Amino acid sequence: MKELSVNHLLGIKYINKNDIDLIFETADHFKEVINRPIKKVPSLRDITIANIFFENSTRTKLSFELAQKRLSADVISFSAAQSSVKKGETLIDTVNNILSMKVDMVVMRHANPGAAYFLSKNVKASIVNAGDGAHEHPTQALLDSYSIREKLGEVAGKKVVIVGDVLHSRVALSNIYALQMQGAEVKVCGPKTLIPRHIESLGVTVEPNLRKALEWCDVANMLRVQNERMDVNYFPSTREYAQQYGVDKTLLDSLNKEIVIMHPGPINRGVEITSEVADSHQSVILNQVENGVAIRMAVIYLLASKIQ
Amino acid sequence: MSQKVLLTAKEVTIILHRLACQLIEKHLDFSDTILVGIQPRGVFLAERLKEILENEYQTPEIQLGYLDITFFRDDFRRTDKPLEANKTKINFIVENKKVIFIDDVLFTGRSIRSALTAIQSFGRPSEIELLVLIDRRFSRNLPIQPDYRGRQVDAINNEKVKVSWKENDGEDAVYLITN
């Protein structure tokens with residue numbers, strides 16, 4: 001019988017290929033569940049989950065909450081903006097206070113890299129990392145790979161290019177780990193200022209030219225330009241970025257094959273991709289969102305089954 | 001470990017035909033009736049019955065679904081081994097239909113309890129019946145009894161009843177296994 005090799009989902013680099021396969025198989029079943037007339041199963045009715053978001057989020061937070069509710073877990077959610085964090089409480093104190101209300105699992109987003117790892121070493125609960133700074137965002141990477149698998153049959157052997165703001169992106173790092181683990185080839189593409197130095201050491205290649213990158217790939221994952229994390233100007237203007245690294249319909253149609261367009265959201269329409277591309281049949285952006293719920297149900301279900 | 005044959009291939013065939021006839025007696029042309037095989041082992045029995053009904057008794061085509069009960073079980077986190085899910089395939093709404101649950105062995109009744117909850121996700125059936133090949137009587141934890149049974153067996157708790165199917169295990173047979 002199969003189970004996850006870990007008790008927490010802190011990042012893709014802490015899990016292995018078997019874990020990914022198991023999560024995908026389980027997600028297949030949950031995808032069927034969420035397409036039923038009644039989209040709910042009672043599995044986790046004795047589990048309580050706290051969603052702690054120290055950073056803003058719409059999609060991820062809603063997706064986690066929906067996944068938890070579809071599994072019949074009890075859910076408490078809090079955002080840092082309205083909490084005692086503003087009064088100076090430490091992370092461990094905040095979480096331990098929540099845990100003393102008998103919470104079994106914590107889903108956390110935090111601005112500091114390693115926050116989820118730190119928490120897993122210091123509190124007694126199953127931790128799911130919903131994004132820690134520019135480090136990892138494992139459920140996003142899992143749902144991205146799952147969407148590729150759904151669209152193209154398998155991930156192994158596929159060529160994926162990650163375009164844009166790789167420097168500030170936790171999605172990029174988790175995706176690189178996840179895709180390589182499953183045997184895909186990864187390139188990154190973007191302005192030199194937004195590509196981390198020494199990224200080659202992760203086994204990826206850098207392609208500064210967007211057209212060349214798109215001609216090479218099967219899948220293009222277009223990252224959002226994270227203006228909120230940019231304290232200095234990394235490129236001259238948004239317009240210039242869109243011209244150099246934005247994908248529009250003309251560019252897409254001029255390629256000699258049909259590629260799959262992904263975007264982790266939220267989209268800056270007209271910057272990374274134009275509306276035409278976002279809404280075209282080559283884009284799987286809304287499938288990613290649907291798959292996100294199934295993947296998160298699978299992750300929570302599998303981790304919950306390991307809680308004693 | 002010792003094993004004893006409870007039913008041979010020939011006996012299984014006779015019983016399947018009897019069960020098919022009992023179903024026809026009650027459901028006639030199956031116009032409002034749906035067969036639902038409980039995953040994983042009930043599916044073989046359900047497919048076999050559908051085949052016998054359609055090919056040997058010329059009933060019109062019968063709707064057949066597979067129901068997986070993993071996420072509805074009451075022993076999640078209470079067993080040592082993780083629960084493994086199977087595919088659910090129910091491509092129709094069961095609203096106001098007569099549903100027949102089909103499983104190979106009825107033991108504690110807990111799987112059927114879960115199935116009763118699980119089927120509600122697909123609508124409100126007008127009636128639910130239960131058909132099993134082997135009914136292990138005296139071992140029920142819940143007040144659940146079959147409407148159609150192949151054979152009643154008295155087995156004590158550490159004994160196991162194993163149903164083999166030609167398409168999966170190479171032969172049709174039922175064994176009583178004692179550890």
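Since every read-out is calculated from the coordinates, none of them should be taken as a lab result. Worth saying up front: this structure is predicted, and the values here are computed from it rather than measured. Virtual Cβ from ideal backbone geometry, glycine too; neighbours counted across all protein chains shown.
For residue A:77, the residues whose modelled amide H falls within less than 5 Å of its own, excluding neighbours fewer than 5 places apart on the same chain, are A:51.
Averaging the sequence gap over all C-alpha pairs within less than 8 Å and six or more residues apart, then dividing by the number of residues, gives chain B a relative contact order of 26 percent.
A Cβ-based charge dipole, computed about the Cα centre of chain B with Lys and Arg at +1 and Asp and Glu at -1, lands at about 660 debye. On the beta carbon distance between residue A:192 and residue A:16, with R0 = 35 Å, the FRET formula returns roughly 0.55. Between B:142, B:131, B:23, the Gaussian network model of chain B with springs among Cα atoms under 10 angstrom shows the greatest mean-square fluctuation at B:142. Under a 5 Å amide H cut-off, with hydrogens placed 1.01 Å from N, residue A:270 pairs with A:275 among residues at least 5 apart or on other chains.
Which length gain, in nm to one decimal place, applies between residue A:102 and residue A:282 when the Cα-Cα distance is subtracted from 0.36 nm times their residue separation? Roughly 60.3 nm would be gained on extension. Stretching residue B:14 away from residue B:177 to a fully extended chain increases their span by 56.4 nm, per 0.36 nm per residue minus the current alpha-carbon distance.
Inter-label distance, residue A:239 to residue B:21: 8.7 nm, where each label sits 7 Å from its Cα along the C-beta direction. Remark: relative contact order (segment A:138-284) = 24 percent; criterion is Cα-Cα distance under 8 angstrom and separation of 6 or more residues. Taking other C-beta atoms within 10 Å as the exposure proxy, A:177, B:175 rank B:175, A:177 from fewest upward.
For the pair residue A:111 and residue A:180, what calculated FRET efficiency results from E = 1/(1 + (r/R0)^6), where r is the Cβ-Cβ distance and R0 = 22 Å, to the nearest 0.05?
For R0 = 22 Å, the calculated efficiency reads 0.25.
From the square roots a ≥ b ≥ c of the eigenvalues of the alpha-carbon gyration tensor of segment B:27-179, which class results: rounded (a/c under 1.5), prolate (a/b over b/c), or oblate?
oblate
Lysine pair count for segment A:138-284 (Cα-Cα distance under 21 Å; residues 8 or more apart in sequence or on different chains): 17.
Peptides B:93-99, A:35-41 ranked from most to least packed by the mean count of surrounding Cβ atoms within 10 Å: B:93-99, A:35-41. Taking a ≥ b ≥ c as the square roots of the eigenvalues of the alpha-carbon gyration tensor, segment A:1-64 is classed oblate because a/c is 1.5 or more while a/b is no larger than b/c.
The label point for residue A:232 and the one for residue A:40, both projected 7 Å from the Cα toward the Cβ, are 5.3 nm apart.
Distance between the modelled labels on residue A:3 and residue B:80, one decimal in nanometres: 1.1 nm (7 Å Cα→Cβ projection). For segment A:1-143, averaging the sequence separation of C-alpha pairs within contact (under 8 Å, six or more residues apart) and dividing by the residue count gives a relative contact order of 27 percent. Using the beta-carbon distance between residue A:289 and residue A:212 and R0 = 30 Å, what value does 1/(1 + (r/R0)^6) give for FRET efficiency, to the nearest 0.05? Once rounded, the FRET efficiency stands at 0.50.
Would you please classify the overall shape of chain A from the alpha carbon gyration tensor, given that a ≥ b ≥ c denote the square roots of the eigenvalues, rounded means a/c under 1.5, and beyond that prolate means a/b larger than b/c while oblate covers the rest? Since a/c reaches 1.5 and a/b is larger than b/c, the shape of chain A is classed as prolate. Of B:47, B:84, B:56, the residue with the greatest mean-square motion in the GNM of chain B, using alpha carbon springs below 10 Å, is B:84. For segment B:117-168, with equal point scatterers placed on the C-alpha atoms only and solvent neglected, what are the log10 I(q)/I(0) values from the Debye formula at q = 0.13, 0.30, 0.32 1/Å, to two decimals? For the requested q values the scattering log ratios are -0.47, -1.19, -1.26. Applying Stokes-Einstein at 20 °C and 1.002 mPa s to the Kirkwood radius of segment A:138-284, computed over alpha-carbon pairs, gives a translational diffusion coefficient of 142 µm² s⁻¹.
Sorted fewest first by neighbouring Cβ atoms within 10 angstrom, A:57, B:2, A:63, A:169 come out as B:2, A:57, A:63, A:169. Whole angstrom only: what separates the Cα centroid of segment A:1-67 from the Cα centroid of segment B:1-79? After rounding, the separation between the Cα centres reads 33 Å. Between residue A:250 and residue A:152, residue separation times 0.36 nm minus the direct Cα-Cα distance comes to 32.9 nm. With springs only between Cα atoms under 10 Å apart, run a GNM on chain A and tell me which of A:73, A:116, A:172 wobbles the most. So, out of A:73, A:116, A:172, the one fluctuating most is A:73.
Exposure proxy shown here: for A:74, A:253, the number of other Cβ atoms within 10 Å sets the order, fewest to most, as A:253, A:74.
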